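Colleague: Let me give you the structure first, and then I'll get to my questions.
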C-alpha cells in the first residue's frame with residue numbers, strides 16, 4: 001500500500017504521519033476489531049450525540065478503520081460520510097469494509113484534517129471518536145474544521161479524560177514500565193483532557209454552545225486472560241524492551257495476575273473515562 005502522492009502534511013504533524021502510516025497504523029489495522037470492541041460501550045452514545053440525519057453530510061476525523069464512518073453512512077443514507085486519516089493501512093481496511101457492507105455513500109481519504117482545504121460549509125456534522133487528540137496545532141486544526149461545517153452544523157468528539165480517571169491506562173503503563181507510574185503531564189488544549197481548556201479552544205476556533213459530558217464505562221480487552229494478555233502485550237510490550245528476559249517474564253506474569261482480578265462474565269474489563277464533547281458552528 002502506497003501513500004497518496006498528493007498528501008500534504010503540516011510540519012507539526014510529521015511525527016503523527018510517521019507513526020500512523022507506519023508500525024502503529026499496521027498494528028491498529030491488524031487489531032481493528034479488538035479496538036472497536038474495546039470502546040463498544042461508548043460507541044452508541046457517541047453516535048446518538050452526533051444527531052446524524054438521513055441527508056447529513058458527515059466528516060469523520062481520524063477515522064481509523066472506519067467503524068464510525070460506516071455507521072454514520074448508514075444513518076445518513078440519503079447523504080454521505082467521509083472518513084479521513086493519516087494511515088494508509090487503516091484506510092485500506094476501512095474501504096474494504098465499506099465495500100463489503102454495500103455502503104456506497106461512505107468514502108475515505110488520506111489527508112491532514114488540520115490543514116486540508118475542505119469546501120467551506122461542506123459538512124453538516126463533524127465527528128471524531130478518539131481521533132482528534134493528536135493535532136500538532138490544535139487551534140489551527142479546529143479552526144479549519146469549523147470552516148468545513150455549515151453554520152449551525154454540529155461537532156461531536158469522544159476523547160479520554162486524564163490519566164487519573166482511566167484505570168486501564170494507569171495499570172498497563174505502570175506494569176510494563178516495571179512498576180514506574182506514568183508521568184502525569186500538565187493538561188494541554190490539544191489533548192482535550194481538560195474541559196476548561198477544551199471549551200476555550202473550541203470557542204476561539206469558531207464554535208458555540210460547547211457542552212462537555214463525563215462518561216465512564218468499562219473497556220473490554222479480551223475474552224479471557226490469555227486473550228487479553230496477548231493483545232495488551234503486543235500494544236504495550238515495547239515499554240519493557242530494555243529489560244532482561246527474567247524481568248520481562250515477571251512483568252507479564254504480573255499483568256496476567258492483575259487481569260485475572262478483572263475477569264468478568266464476558267471477558268477482561270478495566271475502568272475507563274471519556275469526555276463526550278458537543279458544539280455547533
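Readers should treat all values here as calculations from the given coordinates under stated rules, not as data from a laboratory. The shown structure was predicted, so the numbers you read here are calculated from the model rather than taken from an experiment. As a convention, Cβ positions derive from the backbone with ideal geometry for all residues, glycine included, and neighbour counts pool all protein chains shown.
Colleague: Once R0 is set to 25 Å, what does the formula 1/(1 + (r/R0)^6) return for the Cβ-Cβ distance between residue 119 and residue 211, expressed as a FRET efficiency to the nearest 0.05? Write out the running numbers ahead of the final one.
Modeller: Working: r = 27 Å, r/R0 = 1.06.
Efficiency at R0 = 25 Å is approximately 0.40.
Colleague: Right, here's the next one. Multiply the residue separation of residue 223 and residue 147 by 0.36 nm, subtract the distance between their alpha-carbon atoms, and state the gained length in nm to one decimal. Walk me through the numbers on the way to the answer.
Modeller: Working: separation 76, 0.36 × 76 = 27.36 nm, distance 4.32 nm.
Working it through step by step, the gained length comes to 23.0 nm.
Colleague: Rg to Rh for the range 69-110: what is it, with Cα atoms only and Rh by Kirkwood?
Modeller: Values: Rg = 9.5 Å, Rh = 10.0 Å.
Computed over Cα atoms, the ratio is 0.95.
Colleague: With each label point set 7 Å from Cα along the Cα-Cβ vector, what nm distance links residue 196 and residue 261?
Modeller: 3.4
Colleague: Something else: Of all DSSP beta bridges located in the chain, what percent are antiparallel, nearest 5? Walk me through the intermediate numbers first.
Modeller: Working: 21 of 40 bridges.
If we restrict to bridges inside the chain, about 50 percent are antiparallel.
Colleague: If you don't mind, another one. Quick check: pseudo-label points 7 Å beyond the Cα along Cα→Cβ at residue 236 and residue 178, how many nm apart are they?
Modeller: Output for this residue pair reads 1.6 nm.
Colleague: Once a ≥ b ≥ c are taken as the square roots of the eigenvalues of the Cα gyration tensor of the range 32-85, is the result rounded (a/c under 1.5), prolate (a/b larger than b/c) or oblate (a/b not larger than b/c)? Before the final figure, lay out each step's value.
Modeller: Details: a/c = 2.31, a/b = 1.47, b/c = 1.58.
It comes out oblate by the Cα gyration axes.
Colleague: If a/c stays under 1.5 just call it rounded; otherwise compare a/b with b/c (prolate if a/b is bigger, oblate if not). Do that for the range 1-62, with a ≥ b ≥ c from the square roots of the Cα gyration tensor eigenvalues.
Modeller: On the way: a/c = 2.47, a/b = 1.43, b/c = 1.72.
The shape class here is oblate.
Colleague: Measuring from centroid to centroid over Cα atoms, what is the spacing of the range 70-123 and the range 159-199 in Å?
Modeller: Each part's Cα centre sits 29 Å from the other's.
Colleague: A further question on this structure: Applying 1/(1 + (r/R0)^6) with R0 = 41 Å to the Cβ-Cβ distance of residue 74 and residue 7, what FRET efficiency is obtained, to the nearest 0.05? If you can, show how the numbers build up before the last one.
Modeller: Working: r = 28 Å, r/R0 = 0.69.
According to the calculation, E is roughly 0.90.
Colleague: Could you work out the relative contact order of the range 11-280? I mean the mean sequence separation of Cα pairs under 8 Å and 6+ apart, divided by the number of residues, in percent. Let's see the in-between values first.
Modeller: Values: 505 pairs, mean separation 51.5, N = 270.
Rounded, it is 19 percent for the range 11-280.
Colleague: Which angle between 0 and 90 degrees, to the nearest 10, do you get for helix 88-100 versus the longest principal axis of the chain when only C-alpha atoms count?
Modeller: Taking the Cα atoms of the chain, the angle to 88-100 is about 70 degrees.
Colleague: Also, I was wondering about something else. Tell me the label only: which of (i) 30, 22, 17; (ii) 32, 20, 19; (iii) 39, 20, 18 is semi-axes √(5λ) of the Cα gyration tensor in Å as calculated from this structure?
Modeller: The listed entry that was calculated here is (ii).
Colleague: Right, another one. Given R₀ = 25 Å, FRET efficiency for residue 164-residue 280 by Cβ-Cβ distance, to 0.05? Working shown, then result.
Modeller: On the way: r = 30 Å, r/R0 = 1.21.
Efficiency for this residue pair is about 0.25.
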